[in-house]
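Quick notes on the structure that follows.
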Amino acid sequence: MTIGRGLTARLGAMIRERFGAPRIGVISDSTVASLYRETLSASLAEAGLDVRFFDFPAGESRKTFETVGAALDFLARERFTRSDFVLAFGGGVPGDLAGFAAAIYLRGVRFLQVPTTLLAAVDSSVGGKTGVDLPQGKNLAGAFWQPSAVYCDPDFFRTLPDERVAEGYAEMIKHGLIADEAYLRRLETLGPGDGIEEIIARSVEIKASFVAADTRDTGLRQTLNFGHTFGHAIEKVSAYSVSHGSAVAIGMMMACRAADRLGLSESSMTARLEALLRLYRLPTGTAYGAEELAGAALSDKKRSGETIQFVFPIRAGAAALVPVPAADIPRVFRLGLS
Ligand SMILES: NC(=O)c1ccc[n+]([C@@H]2O[C@H](COP(=O)([O-])OP(=O)(O)OC[C@H]3O[C@@H](n4cnc5c(N)ncnc54)[C@H](O)[C@@H]3O)[C@@H](O)[C@H]2O)c1
């Protein structure tokens, strides 16, 4: 990943230098296109690149096969070939969708990621998971398809609502907790908006190290789900009115508390996490009850056989994957709530 404030102005030149002069099909959503299409277009045109744009209405509800179909239709209509590139421009929704279109168009063309949300920069643009939602649930169809390059310009985040920025921080705090105490201390020293290039770079390194160790997400990479099993249950029970980042923040608190009470933590992370979440303006608790949350978790797709894989913190910078039998799930949720 190349990170730099204002790098969008040089993006066309950087692509040209590294990849020659491919044609570029930019896939974006309506909000990002209306805010930044001109800026991106100017940079690519200045480098002499032939660029075509496709965008779809913003929002998770459009991360569907229907939209992928429209994106494929656009690529075919514009006669994109195997030597051309797709450029995913936006947050995680255009990123996942454009990556998936690139994975299947002509059985796979190269693609670039230009994330415009902090969450996309530190999470969805790294790791090669692409895909769409099905009526039965989120991210149920997709492919592993790695971008050829990711270009991150933190200037895009200036137009993000505060809650969206906080969602990115939730994932960064997670990276510190599961993998790197020094990084966690750095996040404690900084605050919202500080040292953004440095901390994105470290978060991406941490995520990439888990991905490299387990590309297909069958083992160690699942440590990145820290806070997510509890978090998914909160999202589901709230009918998705609690955002993903907020749910992950609360989920991490629940995982810390449960780990303490189950005797799994060598040193408790609960108080430290709570202070960090407050610093980055993230929630720390929920009013939902253990029974309804556990019920939602038991119907989640991450259920495998008769156990659910939980990630519990052991100490700062270290976490463990622990399979919990279905019968014990309600108790683990009770222990996670204060
Ligand atoms: N592939 C992965 O590994 C992975 C990991 C985490 C999340 N995800 C996926 O990412 C998605 C969530 O990501 P997201 O929060 O970035 O969603 P998103 O792409 O929907 O962006 C959130 C909102 O912010 C708007 N937006 C984007 N950039 C903006 C900017 N610079 N200024 C103002 N508004 C802007 C968007 O138009 C949208 O309305 C989910 O679909 C999730 O499943 C994927």
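The values are calculated or read from the model by the stated rules, or taken from the named source; none is laboratory data. Note that this is a predicted model, so its numbers are computed, not measured. Don't worry about glycine lacking a Cβ; one is built from the backbone with ideal geometry, like all the others, and counts go over all protein chains shown. Please note that ligands, DNA and RNA were not included when accessible areas were found on the heavy atoms of the full protein model with its side chains. Shrake-Rupley method; radii C 1.70, N 1.55, O 1.52, S 1.80 Å.
Scaled to the globular estimate 2.2 N^0.38 Å, the Cα spread of region 34-129, given as radius of gyration, is 1.03. Helix 162-179 versus the longest principal axis of the chain: what is the Cα-based angle in degrees, 0 to 90, to the nearest 10? Result, in degrees: 60.
Between the Cα long axis of helix 92-104 and the first principal axis of the chain there is an angle of about 60°, rounded to the nearest 10.
With the Kirkwood sum run over all distinct C-alpha pairs, the chain has a hydrodynamic radius of 20.5 Å. When only Cα pairs below 8 angstrom with a gap of at least 6 residues are kept, region 2-158 shows a relative contact order of 25 percent.
Tell me, what is the percent relative contact order of the chain, built from C-alpha pairs under 8 Å that lie six or more residues apart? Relative contact order, the chain: 14 percent.
Along its principal axes, region 162-336 has C-alpha extents of 44, 34, 29 angstrom, given from the largest down.
Ordering Leu190, Ala326, Leu276 by the projection of their Cα atoms onto the charge dipole of region 162-336, which places +1 on the Cβ of Lys and Arg and -1 on the Cβ of Asp and Glu, puts Ala326 at the extreme positive end. Highest mean packing comes first when the peptides 308-315, 171-178 are listed by Cβ atoms within 10 Å, giving 171-178, 308-315. Note on region 162-267: with neighbouring protein chains present and a 1.4 Å probe, carbon and sulfur make up 48 percent of its accessible heavy-atom surface. The slack between Ser267 and Arg82, meaning 0.36 nm per residue of separation minus the straight C-alpha distance, is 61.4 nm. Looking at the chain, the accessible area is 41 square angstrom per residue; that uses a 1.4 Å probe and ignores ligands, DNA and RNA. Once the Cα-Cα distance is subtracted from the 0.36 nm per residue extended length, the Glu66 to Leu140 segment shows a gain of 25.2 nm.
When the chain is modelled as a GNM with alpha-carbon springs shorter than 10 Å, which of Ala179, Ala170, Ala275 fluctuates the most? Of Ala179, Ala170, Ala275, the most mobile in the Gaussian network model is Ala275. Axis of helix 8-19 versus longest Cα principal axis of the chain: the two differ by about 80°, to the nearest ten degrees.
About its Cα centre, the chain has a charge dipole of approximately 460 debye under the convention of +1 per Lys or Arg Cβ and -1 per Asp or Glu Cβ, with nothing else charged. In terms of overall dimensions, the C-alpha atoms belonging to region 65-175 reach 40, 33, 23 Å along their principal axes, ordered largest to smallest.
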